[in-house]
Amino acid sequence: MLGSDRFLELPEEARIPAQYEIRVRRICSRKRSRDGLRSHLTPAGKRSAAPGHPRCSWGSSMSEAEAEFCSDSEDLFGNYDSLLENSSVLAQLDHVEELERQQADPSAPMDQELLSDSILDENLVEGLPDMSHRTIKKCKLQEMERDVNPSITSVEDRLRTVARRRSELLKETMLSNAAAPAVVSRSAALKEAVVTKEISVAMQAMESVSSQNPDLGPFFGLPTRVKDLVFTSRGIKSLYDWQETCLNLDCVQQRRNLIYSLPTSGGKTLVAEILILRELLCRKRDCLFILPYISLVQEKVQGLAGLGVELDFLVEEYAGSKGRFPPVRHRNRRSLYVATIEKAHSLVNSLVEAGRLEVLGLVVVDELHMLGDGSRGALVEMTLSKVQFASESTQIIGMSATLGNIGDLQAFLKAENYTSDFRPVELKEFVKLGDSIYEVDAQAEECFRFCRLLRLKYSSSMQKMDPDHIIALVTEVVPTHSCLVFCPTKKNCENVATMICKYLREDFVKLRLEEKKVLLQELKDAGNGSVCPVLQRTIPYGVAYHHSGLTSQERKLVEEAYSRGVLCLLTCTSTLAAGVNLPARRVILRSPYVATDFLKRSQYKQMVGRAGRAGIDAIGESVLVLQDKDKIMAKSLVCAPMEECLSNLLADGGQGLLTLVLSIIGLKMAQTLEQVRHFFRGTLLFVQQAALCSPSSLWEVVDQSLETLKEKGLITVSSGTLQVTDLGRASFKGSVDLSHSDQLYRDLSCGLEGLLLNSYLHLLYLVTPYELVAQSKPDWRIFLDQFSLLSGSEQKMLASLGVPESFVVRKAAGQTVKKGTDMEVVHRVYLALVLLRLLKETNLWSVAEKFQLSRGFLQTLLSSASAFCSCVLNFTQELEELWPFRALLAELTRRLSYCVKSELIPLMEVVGVTESRAKQLFSAGYTTPSHLANADPALLCKTIQNLFKKQANQIVASAKMLLKERAAVLQEEVDHLLTTPTDLPSAPAEVSHHTGV
């Protein structure tokens, strides 16, 4: 970093007084203009256009356009590559000093040329052709005459002493500059210019923070400015009473663990965010916020980016393929990690391994009841168990709807509990049998109390089309109020939306007509010119469907339109209840089933909890549509207590238990059998062992898991000490399912023998997730068509995997194929072909049509493949023999994460920017995150079609946060490079050499 004043600033005793400032004319033809890269971080002297800073002048025959002048208090060498490339500078310094020593004899005649400072000797000055030799020497002489030590009487001695002193100081300064690692090439200088620009943008965002505000307590320990920002960003005026009570609990004040549970829509998240802000700003420690879905993580990152920019903390996304392991250490800024369940587990593992878990001051878990949700619940349990075991100072906050066995969870987390039945809007629950509506009443004998009859009269055709009277229930509330209709399947969502629109009045079409046209146009842009035919028919009526068959961009557009009231009715699957906060006046459950499974009590509560919009409705209603055969089961559904939340470490054949044992051994949290048992005393499984481990004991189960890991070659036991093998380490660090780790290793090893590098196909096959194979149902005619489009080398590669063209031809012709073909490989190849086509066309619509697959499935495939590619990359980094994959998989992960044209990827990295929005921004000239971070939100709204003010503000805030994060990473790298190593070897003791007489 030669261009930095930090290194070239001379010691006070070596500086030239202001009256003798050297003014240098820069006329080197190799000088690069840096005017375009100047910012507020550029030294004042280099900002020629800065107000109040007069431009230096010097008599010269050259014009201002040809010469630039500056003070010698600036960095004279920072922009000269010639100095960097001159490897003999230090040698010349030594030569000049040697000449001075030879002339130390006072009787020697004084050479006027040697009166100059040694660093500016005639020989050395030739290396700096831009300087005026006579001017420099004159100024140096004047300074030396003023500063010389009066105790030295000889003029020659004085001059030589000053020369030597200044020579040593300047040489030391140049050595420091030479040691700086960032000045090794022109490409590094160009990279520095880009980094400087990005840091400038981030610093501008930080300038608004009031670092001197003494107010440290009015808002639950936070400054009042934070209160204002939180209330403004959330659109609220005050907290609910329960929120005030919860935040003032003794356990919260004393930083003990807490579980708090309330009905859906009670305002739980705001309490968590206030606690997070207090940890970040007051206690100066990092926080981890665990959310169940990628969409929720992205929504939360986007929502908190503005607060992060204003209050100077980082908001980092850990979802899909995003996230650094371990996270970059930030010395002067705190981080909030917003993570999915899977990424949170990997993050905690990396912090434990790096010995940095103590930096996590707070871990918040949303939807804590997901502890009982299969393999993902097992990951939550592993994560929290490790946090408790490795860090006593980390506080854990869990929040959820009402839990059935809260005592078990309290014992597991050593937490206190706060429960309230508060809802901002009263909820009334109903069920419908025939044409009668019954109110749910737990005190009634049959649990249901008759309320009323449906008023709408049905014709025979309507009765046949809608036997469950969904239209009657819907038209009682829409379009004046909003309505959600939960359906058991994705196809049923589309059918119900279409059916409802057939019987709605034409008046519905006239409502907010222009905004509906805008929505259809946005959907068309998102689909590269295509719109779903069902949405094309239903949106004019204010109706749409919402399920995983839509792309994430389509779902987001539908959600935003519903939130603004452009759409008054959504037909949706149960995932909307858990993944998106979209309340309604009335919630209708089309059936008490999800696919073929009867609803769980927790699922039912999540769905009906969407009824009631705070600040809009005075009441919320839910209606469960029942058939006579479901009446008895429905009683337990609406009136029974919540299900218990049980440990899932033993689910799926104990895969969770195996993963946990392997990781704690690999992280050296336990290296003997006794230490493993000690760790398990802090798990939920230990609390519930009587119910879950019968007839075996927990310790027998743990012992068996150790034997299984030994058989798989993942751990070894030597003299009672447990250690992981290389494959074991790769498996847990890559977060690879242990049921697939050995298969992945074989696939990668075989791939090295004939890795195809002129196409992505081979790599795509290797990173196609194993768990998606079950969802792959190849259309053999399509398979053959796509196979025939491959090059000869690609077809040969597939044949080596066991999928030759002859096999595909026979399957497409409907012929039987002899046994011996691995159908799992065939299905993975088919999915790899889908991924290859997606990377080539970057168009979900066209690829979905080619393969007859839903757009939602394609996006799930892309997301899963990018996440698994990231896992495989981490897997290969732990196995030296797989080194060729590292660079290849790093680039493939990036391509799969966005699947857009390369010029749009930088914009897509900004949270909240979709593909269609990125195209609009790119066309308008906003091509980088720096452009967005510097953009005026008001101008963005005018420039970009259909961009609302709130969206523009979020995009700008997200771009600033992205640059802040990158700048912080680069700054930490700089600080690390310039920090003296703590293990630097000390100088050896001097050895005295004595010569004999």
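The values are calculated or read from the model by the stated rules, or taken from the named source; none is laboratory data. Keep in mind that what you see is a predicted model, and the values were worked out from it rather than measured. A quick note on method: Cβ atoms are made from the backbone with ideal geometry, for glycine too, and the neighbour counts reach across all protein chains shown. For accessibility, only protein heavy atoms count, side chains too; no ligands or nucleic acids. Shrake-Rupley method; radii C 1.70, N 1.55, O 1.52, S 1.80 Å.
Does region 863-880 include one or more residues that are under 30 Å from Leu347 (Cα atoms), acidic (Asp, Glu) and surrounded by fewer than 19 Cβ atoms within 10 Å (Cβ to Cβ)? Yes: region 863-880 contains one or more residues that are under 30 Å from Leu347 (Cα atoms), acidic (Asp, Glu) and surrounded by fewer than 19 Cβ atoms within 10 Å (Cβ to Cβ).
Of the residues that sit in region 740-755 and are closer than 20 Å to Gln795 by Cβ and in contact with a helix residue (DSSP H, G or I) (Cβ under 8 Å, 6 or more places away or on another chain), which one is modelled with the lowest pLDDT? That would be Gly754.
The single condition from (1) of a type in the set (D, E, K, R); (2) open to solvent by 40 Å² or more (accessible area, probe 1.4 Å); (3) part of a helix (DSSP H, G or I); (4) within 25 Å of Leu873 (Cβ to Cβ) that Asp408 fails is (4). So, in region 675-690, of the ones that are part of a helix (DSSP H, G or I) and in contact (Cβ under 8 Å) with a residue 12 or more places away in the chain, which residue ends up farthest from Ser739 (Cα to Cα)? Top of the filtered list is Val687. Among the residues making up region 625-634, a single one is open to solvent by 10 Å² or more (accessible area, probe 1.4 Å) and either in contact with a helix residue (DSSP H, G or I) (Cβ under 7 Å, 6 or more places away or on another chain) or acidic (Asp, Glu) (or both): Asp628. Mind listing whichever residues of region 306-322 are hydroxyl-bearing (Ser, Thr, Tyr) and in a loop (DSSP other than H, G, I, E, B)? Within region 306-322, Ser321 is the sole residue that qualifies. When we screen Lys284, Lys237, Lys227 for residues that are out of contact with any Ser or Thr (no Cβ under 7 Å at 6 or more places or on another chain), assigned to a helix (DSSP H, G or I) and open to solvent by 60 Å² or more (accessible area, probe 1.4 Å), the only hit is Lys227. Of everything in region 844-859 that is of a type outside the set (A, V, I, L, M, F, W, C) and either surrounded by fewer than 19 Cβ atoms within 10 Å (Cβ to Cβ) or in contact with a His (Cβ under 9 Å, 6 or more places away or on another chain) (or both), the residue that is farthest from Lys901 (Cα to Cα) is Gln852.
Quick one: which helices (runs of 4 or more DSSP H) lie wholly within region 865-933 and hold at least 3 residues that are farther than 26 Å from Ser735 by Cα and in contact (Cβ under 8 Å) with a residue 12 or more places away in the chain?
On the way: elements: 885-898, 905-908, 915-923, 929-933.
In region 865-933, the matching helices (runs of 4 or more DSSP H) lie at 915-923, 929-933.
Evaluation of Leu764 against the conditions (1) hydrophobic (A, V, I, L, M, F, W, C); (2) open to solvent by less than 20 Å² (accessible area, probe 1.4 Å); (3) touching a helix residue (DSSP H, G or I) at 6+ places or on another chain (Cβ under 7 Å); (4) modelled with pLDDT under 95 shows that the sole unmet condition is (4). Which residues, counting only those in region 590-624, are assigned to a strand (DSSP E or B) and surrounded by 21 or more Cβ atoms within 10 Å (Cβ to Cβ)? If the condition is that a residue be assigned to a strand (DSSP E or B) and surrounded by 21 or more Cβ atoms within 10 Å (Cβ to Cβ), then Ala611, Gly620, Glu621, Ser622, Val623, Leu624 are the ones that fit.
For region 240-276: of the residues being open to solvent by less than 10 Å² (accessible area, probe 1.4 Å) and more than 21 Å from Lys414 (Cα to Cα), which is modelled with the lowest pLDDT? The extreme case among them is Gly266. Kindly evaluate Ala730 against the criterion of being touching a helix residue (DSSP H, G or I) at 6+ places or on another chain (Cβ under 8 Å), at negative phi and part of a helix (DSSP H, G or I). Yes, satisfied. In the condition set (1) open to solvent by less than 30 Å² (accessible area, probe 1.4 Å); (2) modelled with pLDDT under 95, Val834 is compliant with all but (2). Beta carbons closer than 7 Å, at least 6 apart along the sequence or on distinct chains, pair a first residue in region 770-792 that is touching a residue at least 40 places away in the same chain (Cβ under 8 Å) and within 28 Å of His740 (Cα to Cα) with a second that is part of a loop (DSSP other than H, G, I, E, B) and of a type in the set (S, T, N, Q) for Asp779/Gln852. So for region 725-733 (the condition being open to solvent by 10 Å² or more (accessible area, probe 1.4 Å), charged (D, E, K, R) and closer than 22 Å to Val380 by Cα), does at least one residue qualify? Scanning region 725-733 turns up at least one residue that is open to solvent by 10 Å² or more (accessible area, probe 1.4 Å), charged (D, E, K, R) and closer than 22 Å to Val380 by Cα.
Quick one: count up the residues across region 632-674 that are of a type in the set (Gly, Ala, Ser), assigned to a loop (DSSP other than H, G, I, E, B) and under 20 Å from Ser346 (Cα atoms).
Count: 2.
Counting only residues that are of a type in the set (A, V, I, L, M, F, W, C) and assigned to a helix (DSSP H, G or I), region 691-727 holds 9 of them. Applying a threshold of 7 Å to beta carbon distances and a minimum spacing of six or more residues, or different chains, the list of pairs starting in region 799-815 at a residue that is at pLDDT below 95 and ending at one that is surrounded by fewer than 15 Cβ atoms within 10 Å (Cβ to Cβ) and polar (S, T, N, Q) reads Gly802/Thr821; Phe807/Thr821. Pull up region 635-650, narrow it to residues that are surrounded by fewer than 18 Cβ atoms within 10 Å (Cβ to Cβ), in contact with a helix residue (DSSP H, G or I) (Cβ under 9 Å, 6 or more places away or on another chain) and not aliphatic (A, V, I, L, M), then point me to the one that is farthest from Leu692 (Cα to Cα). So, considering only residues that are surrounded by fewer than 18 Cβ atoms within 10 Å (Cβ to Cβ), in contact with a helix residue (DSSP H, G or I) (Cβ under 9 Å, 6 or more places away or on another chain) and not aliphatic (A, V, I, L, M), the one farthest from Leu692 (Cα to Cα) is Ser636.
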